[in-house]
Structure formats: C-alpha cells, structure tokens
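**Student:** One structure coming up, written as structure tokens, with questions to follow.
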Amino acid sequence: MERTPAPSAPGLRDRPVYDRDSLLEVAVVVFNERGYDRTGMEELARRLGLSKSSIYHHVSGKEELLDLAVSRALDALFAVLDEDDDPQATATSRLERIVRGSVAVLAAELPYVTLLLRIHGNSEVELRALERRRAFDHRVAELVARAVEEGGVRGDVEPHVASRLLFGIVNSLVEWYRPGGGLSAAALADAVATVLFEGLRQRPAP
C-alpha cells in the first residue's frame, strides 16, 4: 500500500534561510534602529522570521552578534592603519592616506561603523571595542605628531586634539552619508581630505 508523505509543518518551507553573515547583517540594522540595549532576542527573532533557537544555532546570543559587528568595523579600520606604506612616504602623506582609507571603510561598512560609534561601554564587548578605538586614536595621534615634526602639519594644534578633530569629522559622516545617494565613496574621500588637510597643512612663513 502506497504511503502518503507526512505534511510539512505549516510555514516551515517559507521561513528564510540565514547563515551567520546574513543573520548579522539584519541584526546590525535592528541594533542601529532600536539601540543595542533595547533590542532583545525576541525582537531579533521576529525581524528575522526565525525562532530564537534557530538564531542560537548560529551564535550564542546578541552579545556575540555585537562582537562580530564591531570587530568587523574595527578590523577594517586597523587594516587601513597597518597597510604597508612606501618607505619614502612622509608622515603627512600617510596621514592623508589613512583618512581617505577610513572614509572608504565607513562607506563600505556603514551599518557596522555606525554601530561601533554608538556603543557606550555597558558590556565587556563594548569595553573591548572602546579600548581598540582608543588604540586606533593613539596611533593616529602619534602620526600627527610626526607630521608636525617634519613640517607637513601645523604645530599650533596639539596632536591628540588634531586627531580627534580629523576623525570627529570622518565619524560624523555616518549621520548623513548614504551609499548610492549620488556621491561616490571616492568623491567623499576627496572632499573630506581637501577640507581637513587644507586646514591642517603647515603654511610657509611669509
């Protein structure tokens, strides 16, 4: 006697299929919309169209999702900082390259950088991310100091202040820049570098 196949669970075949990267992509959008602290696993499950147990198949919880997200942004920024340079390059030209590269990272990884800039240090994950941000800022400030010594950057602005001003402007782009809005990442980097370095560059004595 021929057996009739058992029916599938209602809606099972209609559920979206995620891997960890695509799950992370949606989670970052929700974190940015609602705030990380105000987002629970129930909300993530609802937005993903999954059960909480399906999410736990990929990650241990929302803390791991946050760690993956901010690490992605920080790893990309440190890759710009650590990129091999022409040994003959000046500190000033390296500084400009890092600013341009950071703008490119922001444009390419906008949701992840946005989330990084909105964390407050309320968890171990956030504290580790903030420590890495401080390490990044410190290395940029050291480069600013070398640019001052070589005469490429004006010396009347303290290097740590100059570094904060540089990246304060770069970081502010997350509030208004949207890829595909008519301004390419390359044009954005050109505009930022022109505004910043025309103000920082050392002027010849009259």
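Please treat every number below as a calculation from the coordinates, not as lab data. Remember, it's a predicted structure, so these values are computed and weren't measured experimentally. So basically every Cβ, Gly included, is an ideal-geometry build from the backbone, and we count neighbours across all protein chains shown.
**Student:** Treating the beta-carbon of each Lys and Arg as +1 and of each Asp and Glu as -1, no other charges, what is the dipole magnitude of the chain about its Cα centre, to the nearest 20 debye?
**Tutor:** On the way: 26 positive and 32 negative charges, 117 e Å.
Approximately 560 debye in magnitude.
**Student:** Taking other Cβ within 10 Å of each residue's Cβ, how do TYR177, TYR18 sort, fewest first?
**Tutor:** Numbers: TYR177 15, TYR18 19.
Ordered from fewest to most neighbouring Cβ atoms within 10 Å, TYR177, TYR18 come out as TYR177, TYR18.
**Student:** Projected onto the charge dipole of the chain (+1 at Lys/Arg Cβ, -1 at Asp/Glu Cβ, origin at the Cα centre), which of ALA189, VAL59, ALA73 gives the Cα projection farthest towards the positive end?
**Tutor:** Among ALA189, VAL59, ALA73, the one farthest towards the positive end of the dipole of the chain is VAL59.
**Student:** Quick one: grab the alpha carbon gyration tensor of the chain, order the square roots of its eigenvalues as a ≥ b ≥ c, and give me rounded if a/c is under 1.5, else prolate or oblate depending on whether a/b is larger than b/c. Numbers along the way, then the final one.
**Tutor:** Numbers: a/c = 3.12, a/b = 2.63, b/c = 1.19.
It comes out prolate by the Cα gyration axes.
**Student:** Mind jotting down the distance between the C-alpha centroids of segment 48-97 and segment 122-165, whole Å?
**Tutor:** Segment 122-165 and segment 48-97 have Cα centres separated by 18 Å.
**Student:** Please give me, ordered by residue number, the trypsin sites (Lys or Arg not before Pro) of segment 28-104 that lie in loop per DSSP and have at most 13 other Cβ atoms within 10 Å. Mind showing how you got there, number by number?
**Tutor:** Numbers: sites: ARG34, ARG38, ARG46, ARG47, LYS52, LYS62, ARG72, ARG94, ARG97, ARG100; in loops: ARG38.
Hits after loop and neighbour filter: ARG38.
**Student:** How far apart, in nm, are two points set 7 Å out from the Cα along the Cα-to-Cβ line at ALA186 and at LEU165?
**Tutor:** Using points 7 Å along Cα→Cβ, the separation is 3.0 nm.
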